[in-house]
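Down below is the structure, laid out as structure tokens.
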Amino acid sequence: MRVYFDNAATTPMENEVIEVMNACMRSDYGNPSSIHGEGRRVRALIEAARKQVARTIGSSIGEVFFTSGGTEANNMALKCAVRDLGVQRIISSPTEHHCVLHSLDSLRKNTDVEVILLDVDDLGRVNLVQLRNLLVNDGRKTLVSLMHANNEIGTMTDISEVSRLCREHGALFHSDTVQTISHYPIDVSKMGIDFLSGAAHKFHGPKGVGFIYINGAAMLGPYLDGGSQERNMRGGTENVYGIAGLAKALELANAGLEERKSQILQVKHYMQKRLSETFEGIRFNGDLDNSLYTVLSVSFPPSAKSELLLFSLDINGISASGGSACSSGVEEGSHVLAAIKSAEEYKTIRFSFSHKNTLSEVDYVIEKLKTILR
């Protein structure tokens, strides 16, 4: 038996998504930049997908551009805002995804932009009072970049309040919403977000395709130069079957959002209850009262058995992670756990869920953990 509790890393594709992609690969083989019938048919497919994304996030279709995923979208928002909009200062946090933090490192190295990382508390909540004070006391062109939900510990940021502060003080606002697209309703027209990112493989679509939303009032130039694809915003022939899969996955996720949420919450709460009842001294990371409902970060007390816990889970048929999948190729300390000052001697496992998980899978994991840690 295998139990897959690593859905924050990537999700299994829905069968309907695979069918749409297969049909696209078989029949819709034209180049969308070609003017003949095959090309026009594929162009129509891409534009239908763009409409699906725009409907989902409350934007116009002219503000949605397809990318290779969340990393490209976040890189584009940050780096092009400095290049094209005259941003002189970026305010972010130390618990952002590495694609944001490493982009900020690159900007520090290669431009004159100032980067400020907000304080976070032991639950991973950013200091919004500090953000307000920074916005009030500096007139430089500023971009605020804060993720909607932390991918490791699940703590949510009130992006409506962040947006309000940015609007009040004339700052731009970028949010990495890779973990929350299709899990929460998002309406950029009401929230006042300038840049937003999404990735299909986080909502049961294919890997290697995502999108960026760019507010029409803060339009950027291309991040990738080449042809005139994506309304001259991203050079390179589009990943057509990936885009088709993204649109179908988004359609299915939105249609079943509340039902999926209810199932996932049931599994998460049951997992939390069973862990608390079964193991002494465990700790749950993040703000459990305001948490991404797909993620449960658990720290186990130090012991001889806990050191190899992640490996032991895999041997016993359980897939989980120690943190972000993007850095899991090497066993290293989590920058998120370091930022919230989590005890280093504890072993942290991130269990993350989808609507495909069940309570019986939780029971299986608990029994295996009892055997591993006895």
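What to note about this one:
- The order of the peptides 347-358, 26-37 by mean Cβ neighbours within 10 Å, most packed first, is 347-358, 26-37.
- Just checking the listed ones, H174, H201, H269: in the Gaussian network model of the chain with Cα springs under 10 Å, the one fluctuating most is H269.
- Cα convex hull, region 1-150: 182 Å³ per residue, rounded to a whole number.
- Database remark: amide H of L118 closer than 5 angstrom to the amide H of S92, S93 (H placed geometrically; neighbours at sequence offset of 5 or more, or on other chains; Pro and chain starts carry no H).
- Cα-based Rg and Dmax for region 142-218, where Dmax is the largest Cα-Cα distance (Å): 12.5, 39
- Taking a quarter of the surface of the Cα convex hull of region 224-374 gives a mean projected area of 12.1 nm².
- Hz values of 3J(HN,Hα) by residue in region 40-52 - Karplus curve (6.51, -1.76, 1.60), Gly and Pro given as x: 5, 5, 5, 4, 5, 4, 5, 5, 5, 5, 4, 5, 4
- Hull shadow area, averaged, region 138-296 [alpha-carbon convex hull, nm²]: 12.0 nm²
- When only the Cβ of Lys, Arg, Asp and Glu is charged (+1, +1, -1, -1), the dipole of the chain relative to its Cα centre reaches about 520 debye.
- Dimensionless Rg over Rh [region 202-267; C-alpha; Kirkwood]: 1.11
- Straight Cα distances below 22 angstrom link K356 to the lysines K202, K207, K248, K261, K268, K273, K368, with same-chain residues fewer than 8 positions distant left out.
- Database remark: amide H of T67 closer than 5 angstrom to the amide H of G210, F211, I212 (H placed geometrically; neighbours at sequence offset of 5 or more, or on other chains; Pro and chain starts carry no H).
- Interchain or long-range residues, amide H under 5 Å from K141's placed H: Q88
- Region 262-270 - phi-based ³J(HN,Hα) in whole Hz, Karplus 6.51/-1.76/1.60, Gly and Pro as x: 4, 5, 5, 4, 4, 5, 4, 5, 5
The numbers here are math on the coordinates, done by the rules we state, and not lab data. These figures come from a predicted structure and were not determined experimentally. Note: ideal-geometry Cβ built from the backbone for every residue, glycine included; neighbour counts use all protein chains shown.
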